[in-house]
1. Quick one: grab the alpha carbon gyration tensor of the stretch 33-184, order the square roots of its eigenvalues as a ≥ b ≥ c, and give me rounded if a/c is under 1.5, else prolate or oblate depending on whether a/b is larger than b/c.
2. Going by a ≥ b ≥ c, the root eigenvalues of the Cα gyration tensor, does the stretch 132-179 fall in the rounded group (a/c under 1.5), the prolate group (a/b larger than b/c) or the oblate group?
3. Computing the accessible area with a 1.4 Å probe over protein heavy atoms, can you report the carbon and sulfur percentage for the stretch 151-280?
4. Relative contact order (percent) for the stretch 164-269, with alpha-carbon contacts under 8 angstrom and 6 or more residues of separation?
5. How large is the translational diffusion coefficient of the stretch 1-118 in µm² per second when you combine the Kirkwood radius over alpha carbon pairs with Stokes-Einstein at 4 °C and 1.567 mPa s?
6. Rank by packing, highest mean first: peptides 74-81, 229-236, 211-218, 99-106, with packing defined as the count of other Cβ atoms within 10 Å averaged across residues.
7. Between residue 178 and residue 249, what is 0.36 nm times their sequence separation minus the Cα-Cα distance? Round to one decimal in nm.
8. Under 8 Å for C-alpha pairs, at least 6 residues apart: give me the relative contact order for the chain, rounded to a whole percent.
Amino acid sequence: MIGIIGAGVMGRSIATRLLLYSQEILLIDKEESILDAALKEIEVNLCFKSMLNNEITVNRILSNITTSTNLSSITKCNYIIENISENIELKTKLYTNLNKYISKDCIIAINTSCISITSLSKLLNNPSKVIGIHFMNPVTEISTVEIIKGYFTDTETIDRVSNFLKLIEIDGVIVNDNVGFVSNRLSHVFMNEAAFVLSEKITSAENIDRIFKDCFNHTMGPLETADLIGIDTVVNSLDVLYEYYHDTKFRCCPLLRKMVASGKLGRKSGDTFLEIHIEQGPVLEFEN
């Protein structure tokens, strides 16, 4: 059985992918209301998939998922995928508690945006079984992940995780551990700078994203990506990057902080960058 801790955006998407490949899942979160909402969303996603593939039987697939608000339920799991908020204090508390319930051979896969895998693995009794799997959103559509090798991660763990990912038709790119890894050290600079461009009234959110899609052939623009991830997650990740590297390129744009403070978190709150109307500023003129 695979335990998924955290039934938010990523937890739900990962659960859906695993269910489509007949994996047995235990979904854990702190509140029943979150789990109920997660199950409803997962069912909707599976129904949509069944419309595209007649072999998908939603009721049968849903029988492979159980939910719990009790962390002790994790004892029956051989793999754990952790997806809670990008908050080092919350993660530290969780990993300290996990020691009470997991076996020494249980694989702990950390799905984090930026936090060091090594720093969290030190909290567990067997850090060699801790690895990072950075899933991309939406997990049901993107079939490549970053596999992050922590300082203590052993070869057996890498092999087991690679084989597990093959079962759900996902390829892994193995990278060494450092805050932000590869994808988020790069992508968060794009998203942050795009927010600065928008706040400086250079052009609209739609135009910023269009330039990335039409000129660079990206599937999504940086602001669309931030909306999908969640503005709060982007801000938390930027703070982690800035605190670790002390590099001004990771200084969070004030517009992002204002959006979080006002509850505008992107798609999950229904408040996206496209709803921010920017009156384009004047063209700069230089004297001869």
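The values are calculated or read from the model by the stated rules, or taken from the named source; none is laboratory data. Computed from a prediction, not measured in an experiment: that's the story for all the values here. FYI the Cβ positions are ideal-geometry reconstructions off the backbone, even for glycines, and counts take in every protein chain you see. Accessible surface is based on the protein model in full, side chains and every heavy atom, while ligands, DNA and RNA are left aside. Shrake-Rupley method; radii C 1.70, N 1.55, O 1.52, S 1.80 Å.
1. Here the stretch 33-184 falls in the prolate category.
2. Here the stretch 132-179 falls in the oblate category.
3. That share works out to 52 percent.
4. 27 percent
5. 88 µm²/s
6. Sorting 74-81, 229-236, 211-218, 99-106 by mean packing, highest first, produces 229-236, 74-81, 99-106, 211-218.
7. 23.9 nm
8. Values: 477 pairs, mean separation 39.3, N = 288.
Computed value for the chain: 14 percent relative contact order.
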